[in-house]
Amino acid sequence: MDCIFCKIIKKEIPSIVLYEDDKILVMLDINPVSDGHTLIIPKKHIEDILEVDDETLNYMFKKAKELAPQISQKLHSKAMTYLINYGDDQRVKHLHLHLIPDYTKKNKTKEPKDIYNILKTEDI
C-alpha cells in the first residue's frame, strides 16, 4: 500500500503528532491553510467517508470536540472549521478530518514546529 497516512501511522514518515491512541492519530497538517491546521486520522486504512463505520467516525468527532476548543484557546482563533473531503477534493485517499482554526487575519504566521510548541502540553 502506498498510502502516505498509513506510512505516517507506521512511523515510516515523520509527522508532528499532537495526540495518538490505538484508534487515531492527530497531527498538524504539513501544508496548513491556517496556523494550527490539524488532521484526525483513523489508524485503520479507510478510504473515504462512505466506507467508515459509525463507531470510528463518532470517535473521530468525539476527539475533535475535545481538541478543537484547546487548539482555539491556545492559538487565539475565533472559530474552527471541521472538514472532511470526498471524491476529487480528497487528495489523500485515507479518511481524515481537518480541524482548521479561523482567525480574523486570514494568513499563516507561524511554522508548524512553532505551533506544536504552543499546543503540546499535557492538556492535549
Considering only the stretch 83-103, state which residues are under 16 Å from SER72 (Cβ atoms) and among the hydroxyl-bearing types (Ser, Thr, Tyr). TYR103
Of the conditions (1) of a type outside the set (S, T, N, Q); (2) closer than 19 Å to ILE100 by Cα; (3) in contact with a helix residue (DSSP H, G or I) (Cβ under 6 Å, 6 or more places away or on another chain), the single one that ILE13 does not satisfy is (2)
If you go through the stretch 103-122 one residue at a time, do you hit one that is among the hydrophobic types (A, V, I, L, M, F, W, C), closer than 14 Å to LEU25 by Cα and surrounded by 14 or more Cβ atoms within 10 Å (Cβ to Cβ)? no
Please specify each residue of the stretch 20-33 satisfying the condition of being at pLDDT 95 or above and surrounded by 17 or more Cβ atoms within 10 Å (Cβ to Cβ). ILE24, LEU25, VAL26, MET27, LEU28, ASP29
Collect the residues in the stretch 34-46 that are farther than 15 Å from LYS120 by Cβ and at pLDDT below 95, keeping them in residue-number order. SER34
ASN58 passes all but one of (1) polar (S, T, N, Q); (2) within 14 Å of the chain's Cα centre (by Cα); (3) at pLDDT 95 or above; which number fails? (2)
Restricting attention to the stretch 29-40, does a residue exist that is out of contact with any His (no Cβ under 9 Å at 6 or more places or on another chain) and on the phi > 0 side of the Ramachandran plot? yes
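Residues checked against (1) more than 13 Å from the chain's Cα centre (by Cα); (2) in contact (Cβ under 8 Å) with a residue 12 or more places away in the chain:
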| position | (1), (2) |
| --- | --- |
| ILE41 | no, yes |
| ASP48 | yes, yes |
| ASP53 | yes, no |
| GLN70 | yes, yes |
| SER77 | yes, yes |
| MET80 | no, yes |
| LEU83 | no, yes |
| ASP88 | yes, no |
Would you pick out the residues in the stretch 34-50 that are surrounded by fewer than 17 Cβ atoms within 10 Å (Cβ to Cβ) and either of a type in the set (Asp, Glu) or closer than 11 Å to PRO112 by Cα (or both)? GLU47, ASP48
Based on this model, can you work out whether ASP53 counts as at pLDDT 95 or above and exposed (fewer than 15 other Cβ atoms within 10 Å of the Cβ)? yes
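Taking the condition touching a Phe, Trp or Tyr at 6+ places or on another chain (Cβ under 8 Å) and surrounded by 15 or more Cβ atoms within 10 Å (Cβ to Cβ), does SER77 pass?
Against the criterion (touching a Phe, Trp or Tyr at 6+ places or on another chain (Cβ under 8 Å) and surrounded by 15 or more Cβ atoms within 10 Å (Cβ to Cβ)), SER77 qualifies.
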Is it the case that the stretch 102-114 has a residue that's touching a residue at least 24 places away in the same chain (Cβ under 8 Å) and part of a helix (DSSP H, G or I)? yes
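The values are calculated or read from the model by the stated rules, or taken from the named source; none is laboratory data. Computed from a prediction, not measured in an experiment: that's the story for all the values here. Heads up, the Cβs are rebuilt from the backbone with ideal geometry, glycines too, and the neighbour counts pull from every protein chain shown.
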